[in-house]
Amino acid sequence: IAPVLEEAVVSTQSTGYEVAEGIITKLPKDFDTEAALRKYPTEYKQSMNTVLVQEMGRFNVLTECVRTSLINLQKAIKGLVVMSSELEDVTAAVINGKIPGMWMAKSYPSLKPLGSYVNDLVMRLKFLQDWCDDGVPNIFWVSGFYFTQAFITGVKQNYARKYTIPIDTLSFDYEVMREDLDTSKPPDDGAYINGLFVDGARWCREKMVLAESTPKVLFDTMPMIWMKPMKKLDIPDRSIYWCPVYKTSERRGTLSTTGHSTNFVIDMRIASDKPEMHWVLRGLALLCQLDD
């Protein structure tokens with residue numbers, strides 16, 4: 001029995017080593033936040049500069065944790081460092097295709113399996129790197145932010161400073177855009193966003209309103225949305241559903257030190273031709289990411 005057990009342990013460690021190597025090679029180097037700050041200095045009328053640099057800093061903390069834990073895991077398998085209980089947890093999670101608890105302590109919420117999580121993380125890092133290299137994007141991938149509320153506040157702050165309006169008198173109206181819209185330039189005010197999924201309904205692209213889900217289709221991709229900051233008193237009165245936006249399908253979070261939920265993002269006014277209670281009973285919500 002002993003040789004068989006030994007062989008199983010070696011095989012498990014070999015698998016863990018290979019998976020760790022695969023993830024390490026996918027991760028880009030840390031963001032140079034000092035260079036980003038020089039290129040995008042803090043400006044009174046462009047809050048997005050601050051949003052970008054702060055997001056880079058948050059992701060650096062996460063990628064440093066991921067990279068360091070995997071390098072130490074490989075060293076422990078080689079016998080160069082002691083296999084601590086934390087590293088054992090990382091090894092078990094990596095082999096079973098789950099996100100290690102050590103990473104989740106530094107991460108944005110996610111219910112994805114390990115492979116999808118790593119791919120999602122790499123896409124988020126690319127989103128920020130492209131922003132840094134090419135300038136402020138015309139369309140923001142709202143699901144790619146670590147701290148989404150900072151972006152939302154930045155959009156509102158830009159508008160408030162542009163028109164010298166107190167920020168606490170502002171809110172948002174939301175217009176779901178047709179897919180043939182010209183996005184070669186950003187809107188004059190507000191921001192175009194994409195990356196959301198409808199859970200509990202679908203978006204009718206003919207009538208441009210919320211509609212019943214297609215049978216056997218759990219989620220629908222939401223088209224691009226125009227977040228339009230405006231005075232609360234100026235928001236037009238029309239038939240809408242106050243649609244909650246969550247980071248994951250878990251739809252619950254804890255109150256973080258910033259005073260924001262770790263999962264709930266914001267309520268969006270989405271066009272609807274049905275009573276609000278109709279969608280409440282269906283548990284309709286927008287999600288920033290799916291579980292797969």
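The values are calculated or read from the model by the stated rules, or taken from the named source; none is laboratory data. Just so we're clear, the structure is a prediction, and the values are computed from it rather than from any experiment. All Cβ positions, even for glycine, are placed from backbone atoms using ideal geometry, and neighbour counts span all protein chains on display. Quick note on the areas: whole protein, heavy atoms, side chains included, nothing else; ligands and nucleic acids left out. Shrake-Rupley method; radii C 1.70, N 1.55, O 1.52, S 1.80 Å.
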From the set of residues in the stretch 126-153 that are outside any helix (DSSP H, G or I) and under 13 Å from I193 (Cα atoms), which is nearest to the chain's Cα centre (by Cα)?
F145
Positions within the stretch 137-170 being open to solvent by 30 Å² or more (accessible area, probe 1.4 Å), β-branched (V, I, T) and closer than 22 Å to V265 by Cα, in sequence order:
I139, T153, I167, T169
The stretch 170-186 residues that are closer than 25 Å to A211 by Cα and at pLDDT 85 or above, paired with ones that are open to solvent by less than 20 Å² (accessible area, probe 1.4 Å) and among the aromatic types (F, W, Y) (beta carbon under 7 Å, 6 or more apart)
V176/W203
Select, from P223, P244, the only residue that is in a loop (DSSP other than H, G, I, E, B), open to solvent by less than 30 Å² (accessible area, probe 1.4 Å), in contact with an Asp or Glu (Cβ under 9 Å, 6 or more places away or on another chain) and under 23 Å from F264 (Cβ atoms).
P223
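In contact (Cβ under 8 Å) with a residue 12 or more places away in the chain and either in contact with a Cys (Cβ under 7 Å, 6 or more places away or on another chain) or closer than 19 Å to G16 by Cβ (or both), is that true of V90?
yes
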Only one of these is open to solvent by less than 50 Å² (accessible area, probe 1.4 Å) and touching a Ser or Thr at 6+ places or on another chain (Cβ under 8 Å): Y192, Y108. Name it.
Y192
Filter pass, K231 being open to solvent by 80 Å² or more (accessible area, probe 1.4 Å) and closer than 17 Å to D292 by Cβ
no
